[in-house]
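Below is one structure, written out as structure tokens; comments come after it.
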Amino acid sequence: MRLDKYLKVTRLIKRRTVANDACDKEHVAVNGKVARASYEVKTNDIIAIRYAAKTVTVKVTDSSDRGAAFEAIAT
């Protein structure tokens, strides 16, 4: 599943266009590297989303279209 769609489906970001913009502005990293919206999310990927004052880090536990899921990582 594409990164922008994954962020929307899991409700980490409200809209897919906003997720796409966040990726374009390099606010989203996967496994420590800045990722584009077209990145294919895989199980066990670590996604870090940088918001204004905080960074949210999650681990992908399921990346299928039917049941995308994640596990929050305390920072």
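Coordinate-derived values only; no laboratory data. What you are looking at is a predicted structure, and each value in this text was computed from that prediction instead of being measured. Methodologically, a virtual Cβ is constructed for each residue, glycine included, from the backbone with ideal geometry; neighbour enumeration extends over all protein chains shown.
Averaging the sequence gap over all C-alpha pairs within less than 8 Å and six or more residues apart, then dividing by the number of residues, gives segment 22-74 a relative contact order of 25 percent. Annotation for segment 1-36: trypsin sites (Lys or Arg not before Pro) lying in DSSP loop with at most 15 further Cβ atoms inside 10 Å of their Cβ are R11, K14, R15, K25, R36. The Cβ shell under 13 Å around M1 holds other residues with a net charge of +1, Lys and Arg each +1, Asp and Glu each -1. D24 sits among other residues whose Cβ lies under 11 Å from its own Cβ, and their net charge, with Lys and Arg +1 and Asp and Glu -1, is -1.
Which of the chymotrypsin sites (Phe, Trp or Tyr not before Pro) across segment 1-74 are loop residues per DSSP, with 11 or fewer other Cβ within 10 Å? Loop-located and lightly packed - Y51. Calculated from the structure, Kirkwood radius over Cα pairs in Å equals which of (1) 16.6; (2) 11.9; (3) 12.2? The value matching this structure is (2). Placing a label point 7 Å from the Cα of R15 along the Cα-to-Cβ direction, the residues of segment 49-73 whose backbone N falls under 20 Å of that point are 50-52.
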